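Each remark here refers to the structure printed beneath this line.
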Amino acid sequence: MDFLGIPLPVFMGQLLIGLINGAFYAVLSLGLALIFGLLNIVNFAHGALYMVGAFVAFLLLDYVGIGYWPALILSPLIVGAFGMVIERFLLRPIADLDHLYGLLLTFGLALLLEGIFRQVYGVSGETYAIPASLQGGFNLGFMFLPTYRAWVIVAAVIVCGATWFLIEQTRLGATMRAAVENADLVRAFGVNVPLLVTLTYGLGVGLAAFAGVLAAPIYSVNPLMGSNIIIVVFAIVVIGGLGSIKGAIASGFMLGLFEGLTRVFYPEASNIIIFVVMAVVLIVRPAGLFGKAA
Amino acid sequence: MTRSATIARSGRPIWVKCMAEPLLVVDQLQSWYGESHILHGMSFEVGKGEIVTLLGRNGAGKTTTLRSIMGLVKQRSGSVRYEGKETIKLSANQIARSGIAFCPEERGIFSSLTVKENLLLPPEIAQGGMSTERVYELFPILKTRGNSQGTKLSGGEQQMLAIARILRTGARLLLLDEPTEGLAPVIVEKIGEIITKLREEGFTILLVEQNFRFAERVGDRHYVVEHGEVVDRFERDEVAANREKITGYLGV
Ligand SMILES: Nc1ncnc2c1ncn2[C@@H]1O[C@H](COP(=O)(O)OP(=O)(O)OP(=O)(O)O)[C@@H](O)[C@H]1O
Ligand SMILES: [Mg+2]
């Protein structure tokens, strides 16, 4: 069975890999978009915190014997709390300065976190087994679909959907959107906006840690896993439109798929295709596909 | 100048005699935006249930006064007491929680929120706010356009929304910054009716206006602001005799 001259299992296999990458892109760029919206900084520590999320799952298993399912909740909570401490004590004091300072600070933080984990665990990485309940797979006839990979996609869709619902359909979300537009006025209505900012940073960082736990059984848990993926995610956030929730989710999945397709038809370009798309989008629609023109 | 001197010298006027302090007392309020010194000792007061206006030309410091009361201008000194409690050290959200609500000059309707979300955005800070049904009764348009994007409303409708959303919260003192600015006469008329109704319902209002004809209709007392200071004040019954002087201040 062929598709445009390509064996169907190969074609579908690449699409699946694309979709899985897209799932990670979507969850990571969603967190970045949330943080950018309220804090106005590109969170350069995002990739490192994704890595920390994976390591926390690994450490929980290794030292405490806490398995995958609890870790999927605990790691985002732990890393989210860590993020809130960072926001409260490092980012808030410089919030009134040029946003460049926030960017530099998160960049420094990323280097620091990566350095610490590299020092302790080296660069080879640790393996994290797929939980028993998600081992095996389905034979779809034209290809084999590993259960864990299907789960990654489902989990990412659920988390993105829930976050979208929180932001777009709840009162808290409306308050967050309003604070993005005019934080002063929202404060003048009696909302503790600084607290809201801290919670938002925690939420964004928690999403990164969630992606990290999802990634742990697929990729090895590795101090550099964050910096490998995050540059692509930055490009995706730009393509979707900085700060756009819908844009981050949609372009995450779309570009993952697009990257997969490129790997089928022109593998040589698959590593740069997202950056090519970014360049084109920046020329044609500088505000991004889903961004509001300034 | 003479008038402001008398106010400043007599310091604590009328209310000392009748024991209870007015709802809002602004005393020697000074504010800065960075290096620029904008308010040079504003002093005035607003009694419970009154409509008090701040009049003055462009750039006199009226908006800065409201933003300073609200805690949105961080560099400020002097005294702002609400219900007898000093608020000058509080942050904007704490000041709002003490019962003051703000309707900004640029209206501040959020474009990423629907009309309904805009209306329901300010949290309830005290009991006794207006019910949502009553708000819809006063502003029926907000009900019919509930799902539109907030900024898709016309200027007048946005102004209604900006006023409506601070009525639900339980705040008793409303700071309204030029609610009639740039609106057609029928809409100005409507806003006048609403402000009068609000007073009947027990709200206290500090109104910033450049439209004196509007201000004199609704206001119980008027303060004239120039270069960040109160330079004159007129009670409602003094307006008729001083009309020329007032229009002189406003340069109209
Ligand atoms: N954010 C700011 N930074 C620096 N200066 C400001 C700022 N906002 C206002 N000013 C200055 O403060 C002074 C008072 O401005 P303010 O907006 O309070 O005047 P206003 O009486 O409300 O005028 P208008 O009737 O035009 O609204 C003006 O000289 C203005 O240029
Ligand atoms: Mg003004």
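Quick check on B:Val115: is it of a type outside the set (Asp, Glu) and within 16 Å of ligand 1 (Cβ to nearest atom)? So B:Val115 does not fit the description; no. Given A:Thr127, A:Thr147, A:Thr175, which one is among the polar types (S, T, N, Q), surrounded by 16 or more Cβ atoms within 10 Å (Cβ to Cβ) and farther than 19 Å from A:Ala26 by Cα? When all the criteria are applied, what remains is A:Thr175.
Count, please, the residues in the stretch A:103-151 that happen to be of a type in the set (A, V, I, L, M, F, W, C) and within 30 Å of A:Gly37 (Cα to Cα).
Of the residues in that region, 12 qualify.
Would you check which residues across the stretch A:150-167 are of a type outside the set (A, V, I, L, M) and loosely packed, with under 14 Cβ neighbours inside 10 Å and list them? Can you show your working first?
Our first condition is that a residue be of a type outside the set (A, V, I, L, M); within the stretch A:150-167, this holds for A:151, A:160-161, A:163-165.
Residues satisfying the conditions are A:Gly161, A:Phe165.
Look at the stretch B:99-110: where a residue is at the interface with chain A (Cβ under 10 Å from one of its Cβ atoms), no partner that is modelled with pLDDT under 95 and in a strand (DSSP E or B) sits 6+ places away or on another chain with Cβ atoms under 7 Å. Per the listing B:Val80, B:Val52, B:Val73, the residue uniquely crowded, with 20+ Cβ neighbours inside 10 Å, within 16 Å of ligand 1 (Cβ to nearest atom) and closer than 14 Å to B:Tyr223 by Cα is B:Val52. On inspection, B:Arg76 passes the criterion of being farther than 24 Å from B:Phe214 by Cβ and touching a Phe, Trp or Tyr at 6+ places or on another chain (Cβ under 8 Å). Tell me, yes or no, whether the stretch B:174-196 has at least one residue that is within 24 Å of B:Ser98 (Cα to Cα), away from ligand 1 (no atom under 16 Å from the Cβ) and touching a Phe, Trp or Tyr at 6+ places or on another chain (Cβ under 7 Å). Within the stretch B:174-196, one or more residues are within 24 Å of B:Ser98 (Cα to Cα), away from ligand 1 (no atom under 16 Å from the Cβ) and touching a Phe, Trp or Tyr at 6+ places or on another chain (Cβ under 7 Å). Among the numbered conditions (1) away from ligand 2 (no atom under 13 Å from the Cβ); (2) in contact (Cβ under 8 Å) with a residue 24 or more places away in the chain, the only one that B:Ser91 does not meet is (2). Check off (1) buried (at least 22 other Cβ atoms within 10 Å of the Cβ); (2) within 26 Å of B:Glu45 (Cα to Cα) for B:Gly150 and give me the number that stays unchecked. For B:Gly150, the failing item is (2). Scanning the stretch B:207-217 for residues that are away from ligand 1 (no atom under 13 Å from the Cβ) and in contact (Cβ under 8 Å) with a residue 12 or more places away in the chain gives B:Phe214, B:Glu216, B:Arg217. Within the stretch A:30-53, is even one residue surrounded by fewer than 19 Cβ atoms within 10 Å (Cβ to Cβ) and in a helix (DSSP H, G or I)? Checked against the condition, which is being surrounded by fewer than 19 Cβ atoms within 10 Å (Cβ to Cβ) and in a helix (DSSP H, G or I), the stretch A:30-53 yields no hits at all.
Within the stretch A:206-227, not a single residue is touching a helix residue (DSSP H, G or I) at 6+ places or on another chain (Cβ under 7 Å), within 14 Å of chain B (Cβ to nearest Cβ) and part of a helix (DSSP H, G or I). Only one of the numbered conditions (1) facing chain A (nearest Cβ under 9 Å); (2) open to solvent by less than 10 Å² (accessible area, probe 1.4 Å); (3) within 16 Å of ligand 2 (Cβ to nearest atom) is not met by B:Leu66, and that is (1). Within the option set B:Leu39, B:Leu113, being away from chain A (no Cβ under 14 Å) and in contact with a Gly (Cβ under 7 Å, 6 or more places away or on another chain) holds for one residue only, B:Leu39. When the residues of the stretch B:177-190 are filtered to those that are within 15 Å of B:Glu105 (Cα to Cα) and in contact with a helix residue (DSSP H, G or I) (Cβ under 7 Å, 6 or more places away or on another chain), the one that is farthest from ligand 2 (Cβ to nearest atom) is B:Val188.
The values are calculated or read from the model by the stated rules, or taken from the named source; none is laboratory data. Note that the structure is predicted; figures quoted are calculated from it, not measured. No Cβ is skipped: glycine too gets one built from the backbone with ideal geometry, and neighbour counts run over all protein chains shown. SASA here: full protein model, heavy atoms, side chains in, ligands and nucleic acids out. Shrake-Rupley method; radii C 1.70, N 1.55, O 1.52, S 1.80 Å.
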